[in-house]
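Undergrad: I have a structure I would like to understand better, so I am pasting it below and will then ask my questions one at a time.
No lab work stands behind these numbers, since they all come straight from the coordinates. Keep in mind it's a predicted model, so treat the numbers as computed, not measured. As a convention, Cβ positions derive from the backbone with ideal geometry for all residues, glycine included, and neighbour counts pool all protein chains shown.
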Amino acid sequence: MKSFVFATGALFAIATLGACSSGPSVAETPASTLFQASWNSGQNADEPAFQAQKIDENTIAIRQSLRTSFEAPFLYLLFGGERALLIDTGVEGVDLRSEIDGLLGEWAAAHGKAVPTLVVMHSHRHRDHTGGDAQLADRPDTTIVGLELADIAAFFGIEDWPNQVGSIDLGGRKLQIVPTPGHADSHVMVFDPTTRILFSGDAIYPGRLFYQCESAATYEASINRIANYVAENQVKWLLGGHIEMSTTPGQPFPQDEKVRHGEHLLELPASIVGKIQTALKAQAGQPRVQPFEEFWLLPHPADPTGKSPPDWCLASGA
């Protein structure tokens, strides 16, 4: 979610911006199109460290509990005929290895196959998406894609970053790897033509869309490319790395809140890309913090000392 560490005052400003200290007034979360159950949202003190839900028999979404980290990141496990792909590894301090081993074993038993080899990749290199890497580093039959841009480009066959789309074949299931720098220089999205889902990391999700002031043009260029990509590939849904918005339009939860009521749905329709594109265009190259119904634009200075949102990118030296 966050690519920076604020000084205390600035962190408080962002954590509470647009939401009172007790959280927004919210309605009940509507029924999901993709998931049978609502996501655990910290209401049960004994909720497990991970909650896994199937989108279909070969596609699993996994949420790390708010009780273990306010980031509550989403991970995604996709199976093909020959190997499985794990997108992101969450925040450290929980037993990711057992969770993934269990899901791989369950899939193998259900399909009468051996446990598949595993490829681990990341939407981007921030710590709330790479924290479980160490637990998988010595796992047999596991490849972890490096975090550097050069490593990602080489593994997925991307020669013209960020204009070329890469790929990985899991065996009868070929995924596309789409460079989307802005939130991070090596950020990628993963498109699955089988489900028509675009796994969008931290570039697009129901929450605060963070990017540094100096990366605002890069982020906007990525959104423009994704808008074309979504239309050309008939993307149906986007699944991102977090939920931060409530069911009240324009209202996020305080950033460090670990118990929530009335979260926004995880899945976003493809039309969300056009909304973000329009919002960025309206800023006309003058990046500022701005709320919208399903997301916030949140450009921020690399060093926020002495600056305050929403116009801190426009201050001298931002």
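Undergrad: Hey, quick one: spin label on residue 163, modelled 7 Å out along Cα-Cβ, who in segment 196-228 has an amide N within reach, i.e. under 15 Å?
TA: Answer for segment 196-228: 221-222, 225-226.
Undergrad: Let me ask something else. Please compute the length gained on full extension between residue 281 and residue 150, using 0.36 nm multiplied by the number of residues separating them and subtracting their Cα-Cα distance.
TA: Difference between extended and current length: 44.1 nm.
Undergrad: If you take every DSSP beta bridge fully contained in the chain, what fraction is antiparallel? Give it as a percent rounded to 5. Provide the component values of the computation, followed by the final result.
TA: Values: 32 of 49 bridges.
If I count the DSSP bridges inside the chain, around 65 percent turn out antiparallel.
Undergrad: Rounded, prolate or oblate: which fits segment 66-173, taking a ≥ b ≥ c as square roots of the Cα gyration tensor eigenvalues, rounded meaning a/c under 1.5, else prolate when a/b beats b/c?
TA: On the way: a/c = 1.99, a/b = 1.08, b/c = 1.84.
Note, shape of segment 66-173 comes out oblate.
Undergrad: While we're looking at this one, here's another question. Which order do 258, 307, 174 fall in if you start with the one that has the fewest other Cβ atoms within 10 Å? Write out the running numbers ahead of the final one.
TA: Working: 258 16, 307 20, 174 13.
In increasing order of surrounding Cβ atoms, one gets 174, 258, 307.
Undergrad: What trypsin sites (Lys or Arg not before Pro) does segment 194-228 have in DSSP loop regions with at most 14 other beta carbons within 10 Å?
TA: On the way: sites: 196, 208, 225; in loops: 196.
Here the trypsin sites (Lys or Arg not before Pro) that fit, given the DSSP loop and packing criteria, are 196.
Undergrad: Determine, for 229, 219, the number of other Cβ atoms within 10 Å of each Cβ, and report the residues in order from fewest to most. Don't skip to the end; give the middle numbers.
TA: Details: 229 18, 219 25.
Going from least to most buried by this count: 229, 219.
Undergrad: Counting other beta carbons within 10 Å of each Cβ, put 294, 47 in order, fewest first. Display every interim value, and only then the final one.
TA: Details: 294 19, 47 15.
Result, fewest neighbours first: 47, 294.
Undergrad: Can you give the angle from 0 to 90° between the axis of helix 271-282 and the longest principal axis of the chain, with both taken from C-alpha atoms, to the nearest 10?
TA: So the helix axis and the longest Cα principal axis differ by about 30 degrees.
Undergrad: Can you give me the angle between helix 96-111 and the longest principal axis of the chain, using Cα atoms only, in degrees from 0 to 90, rounded to the nearest 10?
TA: 50 degrees
Undergrad: Where nothing but the Cβ of Lys and Arg (+1) and of Asp and Glu (-1) is charged, how large is the charge dipole of the chain around its Cα centre, in debye to the nearest 20?
TA: Working: 22 positive and 37 negative charges, 109 e Å.
Roughly 520 debye, rounded to the nearest 20.
Undergrad: Taking the C-alpha atoms of the chain, how large are the radius of gyration and the largest Cα-Cα span, Dmax, in Å?
TA: 18.8, 62
Undergrad: Follow-up question, since we're still on this one. Given the options 298, 75, 118, identify the residue whose Cα lies farthest towards the positive end of the charge dipole of the chain (+1 on Cβ of Lys, Arg; -1 on Cβ of Asp, Glu).
TA: 298
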